[in-house]
1. Of the residues 92, 88, only one is touching a helix residue (DSSP H, G or I) at 6+ places or on another chain (Cβ under 8 Å) and within 19 Å of residue 138 (Cα to Cα); which?
2. Does residue 30 meet the test of being touching a helix residue (DSSP H, G or I) at 6+ places or on another chain (Cβ under 9 Å), part of a helix (DSSP H, G or I) and either surrounded by 19 or more Cβ atoms within 10 Å (Cβ to Cβ) or at negative phi (or both)?
3. I'd like to know if region 88-100 contains one or more residues that are surrounded by fewer than 13 Cβ atoms within 10 Å (Cβ to Cβ) and in a loop (DSSP other than H, G, I, E, B).
4. Within region 118-133, does at least one residue satisfy the condition of being surrounded by fewer than 17 Cβ atoms within 10 Å (Cβ to Cβ), modelled with pLDDT under 95, closer than 22 Å to residue 9 by Cα and under 14 Å from the mean Cα position of the chain (by Cα)?
5. Being more than 20 Å from residue 133 (Cβ to Cβ) and touching a helix residue (DSSP H, G or I) at 6+ places or on another chain (Cβ under 9 Å), is that true of even one residue in region 53-61?
6. Pull out all pairs, ordered by first then second residue, where Cβ-Cβ is under 7 Å, the residues are six or more apart or on different chains, the first lies in region 11-34 and is farther than 11 Å from residue 107 by Cα, and the second is at pLDDT 90 or above and in a loop (DSSP other than H, G, I, E, B).
């Protein structure tokens with residue numbers, strides 16, 4: 001059942017050249033099309049906070065590009081954290097805008113919130129990510145990058 005609550009995107013120390021509205025619009029599009037109306041919250045932060053979160057919740061002492069935390073109840077799908085520093089580096093590496101990279105990471109995080117897990121699902125998440133990337137006009141996905 002669709003929620004009347006919108007997904008939120010919270011930014012920490014984002015440079016003025018970052019187009020926040022592009023990412024906020026994309027979050028709304030994900031909620032409308034991918035999550036079937038279920039809201040999620042996304043934090044755009046830096047490597048230091050991502051390292052702390054990764055260490056605290058996964059026992060891995062390094063920053064990562066995206067983390068997902070499933071919601072505890074029916075009101076929200078859950079939370080996503082994205083490293084803007086990692087997104088900038090990856091955007092340069094793959095030749096597209098940082099906002100596009102944040103969108104790729106956000107889609108990946110949302111698919112995890114929906115219960116998909118590329119480490120154990122025999123390609124199911126990879127297929128879903130590829131299908132949604134095409135529909136949403138996004139660059140190559142995270143799973144494809146690791147496999148190529």
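The values are calculated or read from the model by the stated rules, or taken from the named source; none is laboratory data. It should be emphasised that the depicted structure is a prediction, and the values quoted were computed from it without experimental measurement. FYI the Cβ positions are ideal-geometry reconstructions off the backbone, even for glycines, and counts take in every protein chain you see.
1. Going through 92, 88 in turn, just one is touching a helix residue (DSSP H, G or I) at 6+ places or on another chain (Cβ under 8 Å) and within 19 Å of residue 138 (Cα to Cα): 88.
2. yes
3. Yes: region 88-100 contains one or more residues that are surrounded by fewer than 13 Cβ atoms within 10 Å (Cβ to Cβ) and in a loop (DSSP other than H, G, I, E, B).
4. Within region 118-133, none of the residues are surrounded by fewer than 17 Cβ atoms within 10 Å (Cβ to Cβ), modelled with pLDDT under 95, closer than 22 Å to residue 9 by Cα and under 14 Å from the mean Cα position of the chain (by Cα).
5. The answer is yes; a qualifying residue exists.
6. If the second residue must be at pLDDT 90 or above and in a loop (DSSP other than H, G, I, E, B), the pairs left are 12/46; 13/46.
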